[in-house]
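The structure follows.
The values are calculated or read from the model by the stated rules, or taken from the named source; none is laboratory data. Remember, predicted model here, so these are calculated numbers, not experimental data. Cβ placement follows ideal geometry from the backbone for every residue including glycine, while neighbour counts extend to all protein chains displayed. Keep in mind that these areas ignore ligands, DNA and RNA; they rest on the heavy atoms of the full protein, side chains included. Shrake-Rupley method; radii C 1.70, N 1.55, O 1.52, S 1.80 Å.
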Amino acid sequence: MATTSADREQWGSRLGFILAAAGSAIGLGNIWRFPYVTAENGGGAFVVVYLACIALICLPYLFAELALGRNSQKNPVGAIAAIKSGTPWVLVGGLCVLTGVCILSYYGVVAGWALGYIFKGFVAPGVDSAAYFGSFVSDAGTVIPLAAVFMVITILVVYGGVEEGIERWAKVLMPVLLVLMLVVIFRAVTLPGAGEGLEFYLNPDFSKIDGTVILAALGQAFFSLSLGMGAMITYGSYLPKRENLLVSGGYVALFDTAIALLAGLMIFPALFAMGKQPESGGPALIFQVLPEVFETMPLGSFISMVFFILLSIAALTSMVSLLEVVVSYFVDETTWSRSKSVLLVGGFTFLLGLPSALANGGSTFLTEQISLFGATGFFSIMDFIWGNISLALGALLISVFVGWVWGTGQAIEELQQGAGDTFTGAFASTWAVFLKYVCPVVIATILGGIVFGVI
Ligand code: PFF
């Protein structure tokens, strides 16, 4: 039975929503992906472009997703169909659902690594961290069961539903993660030689900015804020009308950006203190650097354990939102029940993740022998297509849809509910200009540059 808006679940409280949406946003994207993408793209200059993308593109766009979701009370496909049914626009909703499945498939593999690292400090103290990581991720007998365990936990949480499942966990665990990160930063910046890392991270060398850096920054900004694939449409759909979407959305963007920047402060000082090259890490970066930092700390094995538990939980709240997008589509649009949708989608996505699990040394073919658009290996190709291109494309299409098809007038009306007088006049019209012109033009230019090989 399709769910009607009358019996649709809602978040239990405003804080609950902010923390759940921040829980979706804050995840491996901030702590695992942001540092290595920053390292590969020139450090400080990348950070500046990334912050510009957040402020000028992602924030205005985030409000559009939230407004569309709350207005329609639907998943991405249903939300678009509620405004323009029977048109090709519905395919954009389909792209969101597909992107959700594909990102979830490889994201779950990395989440499994985090889970596996919980006991690293105890089982392999003092072992060279690069060598340990290499043999750990290439062992199919380890990474596949870990990814499976992670998917089962995600399925259980999503099965529990919005308020009971997602909100309850996010509320407690996000603040604890922040505190632990501050402890690790304190250690990292006090390591001898840390200054050079701070320099690389915080002192931009603008000559390093080129098209690749800009695309990487834009993709990272969308990925980190869970934008471009309808996660915020779906989470917005569980919000009541009294909620101020601008304030809540603003907090989510602020927390997410703060955590990413803090993750960089954990990694770069330590990386340089160890005399390593920033570009060399790739997806292995945090798994190689952090264990060595922990080893220099009193109670290091214990701190390492707590850190990887919290990282796993941050990954879990993001995985939950990825799965929730797809599940809400099946619950709203088909006759499938929540339990059937959760089980089938979760099971299918796990299977889809198997090649990614094997693409870090498990299979030579999947690791080294395939490449596309400069990305080598199945895992990197998936991340490039779905985590960069598809999110940017989804955001381009959704911003055009909200700005031009639904119309900024309607969207502004939706945003005013809960925000009232604060969202009128110049503020609202500036937002409309960003959504209608700035977002689509900038994203289309960057994507076009990639497709036509100009950048
Ligand atoms: N924002 C998440 C992270 O930074 O880890 C990843 C993510 C979750 C991307 C949900 C997209 C999404 F819809």
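Hey, what's the Kirkwood Rh for region 192-342 if you take every pair of different alpha carbons, in angstrom?
18.6 Å
Please list, or write none, the aspartates and glutamates whose alpha carbon is within less than 20 Å of the alpha carbon of Lys84, excluding same-chain residues fewer than 8 places away.
By straight Cα distance, Lys84 reaches Glu65, Asp332, Glu333, Glu413, Glu414.
Name the longest site-free stretch of the chain, where the excluded sites are trypsin sites (Lys or Arg not before Pro) in a DSSP loop with no more than 12 other beta-carbon atoms within 10 Å.
Result for the longest clean stretch: 1-240.
Shifting gears a bit: So what's the projected area for the chain, the Cα convex hull averaged over all directions, in nm²?
Over all viewing directions, the chain projects a mean Cα-hull area of 20.2 nm².
Moving to a separate point now. Counting only heavy atoms of protein chains, what accessible area per residue, in Å², does the chain have with a probe of 1.4 Å?
About 36 Å² of surface per residue is accessible.
What is the distance in Å between the Cα centroid of region 424-455 and that of region 23-52?
Their Cα centres are 21 Å away from one another.
Just how far, in whole angstrom, is region 376-395 from region 278-312 if you go by their alpha carbon centroids?
Measuring centre to centre over Cα atoms gives 26 Å.
Any idea what the relative contact order of region 342-415 is, in percent, if you count C-alpha pairs under 8 Å spaced at least 6 apart?
Contact order relative to length: 16 percent.
Let me ask another. Heavy atoms only, probe 1.4 Å: what % of the accessible area of the chain goes to carbon and sulfur, would you let me know?
Summing carbon and sulfur atoms, their accessible area is 68 percent of the total for the chain.
Let me ask you something else. Would you give the gap between the C-alpha center of region 216-260 and the C-alpha center of region 131-154, rounded to a whole Å?
29 Å
What number, in percent, do you get for the relative contact order of region 286-381 if the mean sequence gap of Cα pairs under 8 Å and at least 6 apart is divided by its residue count?
Averaging sequence separation for qualifying contacts and normalising by length gives 12 percent for region 286-381.
How large is the helix-only mean residue ellipticity at 222 nm for the chain, computed as the sum of -39500 (n - 2.57) over DSSP H runs with n ≥ 4, divided by its residue count, in deg cm²/dmol to the nearest 500?
For the chain, the value works out to -21500 deg cm²/dmol.
To continue, here is another question. For Glu65, what charge total do you get from the other residues with a beta carbon under 13 Å from its beta carbon, if Lys and Arg give +1 and Asp and Glu give -1?
Within the 13 Å Cβ shell, the charges total +1.
Please compute the net charge surrounding Pro76, taking Lys and Arg as +1 and Asp and Glu as -1 over other residues with Cβ under 12 Å from its Cβ.
Neighbour charge sum, excluding Pro76 itself: -3.
Moving on. Express the relative contact order of the chain as a whole percentage, based on alpha carbon pairs under 8 Å and six or more residues apart in sequence.
Answer for the chain is 34 percent.
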